[in-house]
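The values are calculated or read from the model by the stated rules, or taken from the named source; none is laboratory data. These numbers come from a predicted model, not from an experiment. Surface areas here come from the heavy atoms of the whole protein model, side chains and all, with no ligands, DNA or RNA. Shrake-Rupley method; radii C 1.70, N 1.55, O 1.52, S 1.80 Å.
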Amino acid sequence: MSKARATITLNRPDALNAQVPSTWRALRQIGERLDPDVRIVVIRGSGRSFSAGLDRRMFAGDGISGEAGLQDIILAGPDAGQAIIDEFQRGFTWLADPQRVTIAAVHGHAIGAGFQLALACDIRVAAEDARFTMAETSLGLVPDLTGTLSLVRAVGYARAAEICLTGRRVAAEEALRIGLVNSVVAPDALPAAVDELAAALLRPAAGATRETLALLAAAADGPTLDKQRAAERAAQFRRLSELRTALGG
């Protein structure tokens, strides 16, 4: 494997690669420590799915030992609670840095946080069995891991609204048709398709790739990522606070 390419594998196959705060902390640390010679980063999931999203145990009153749960965010108060979410988001934001091209290799389920992780990447290649679901609103929450801006940029406001608010599954064929993914291949062809794409992306000079990505990001409509992240954090904290009140907490 070329030193110019790195692959990150979500490796909780028994839990369909469900994510917890330590997942996002590990992603952030990888981004911070990545060798500057790395020009391509591929994110994939082990086992049957890319990622089934947030580990549901985070909703439990006692949460997950050693992990910041939803109750911890609520009890921290607005400023500190949003600061916790900000740390979560940083596991995703580095994927938009024009210093490198990021590719999501998606198979099986990409739900919630898994969907948003795929959206955080520059390019998405999907297997025919891929299914994308933004499940947060069905749980009384909002997408808060940088996915709202990326989704609107990919498919437009009206379609993004429908996908988020219905929480329906978007199959690979539809995802390709609406611009959510760049290509769809047979499940067993996914690794080779990603290899071929990575090789093509490495052909231009590193500086040309970097500058082009920065120009494209600046040209995209909508607010900046930092502003959208702040809006996501504030909205999520309001939802958590209201849910706690509704539950009599």
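Annotations for the structure displayed:
- The ellipsoid equivalent to the alpha-carbon distribution of the chain has semi-axes of 29, 19, 18 angstrom, derived from the gyration tensor eigenvalues as √(5λ) and listed largest first.
- Ligands, DNA and RNA excluded, the heavy atoms of D226 present near 100 Å² of accessible surface to a 1.4 Å solvent probe.
- What the Cα convex hull of the stretch 1-48 gives, in volume per residue, is 66 Å³.
- The chain: antiparallel DSSP beta bridges as a percent of all, rounded to 5: 10
- Pairwise Cα inverse-distance average, inverted: Kirkwood Rh of the stretch 134-239 (Å): 16.1
- When the residues W24, W94 are ordered by accessible surface, computed with a 1.4 Å probe over the protein chains alone, the sequence from largest down reads W94, W24.
- Report summary: the helix-based calculation at 222 nm, which adds -39500 (n - 2.57) for every DSSP H run with n ≥ 4 and divides by the residues of the chain, gives -14500 deg cm²/dmol.
- Average accessible surface area per residue within the stretch 33-189, 1.4 Å rolling probe, Å²: 41
- Here the accessible area of the stretch 83-125 is 51 percent carbon and sulfur, with a 1.4 angstrom probe and all protein chains present.
- Cα-based radius of gyration for the stretch 38-91, normalised by 2.2 N^0.38 Å, reads 1.45.
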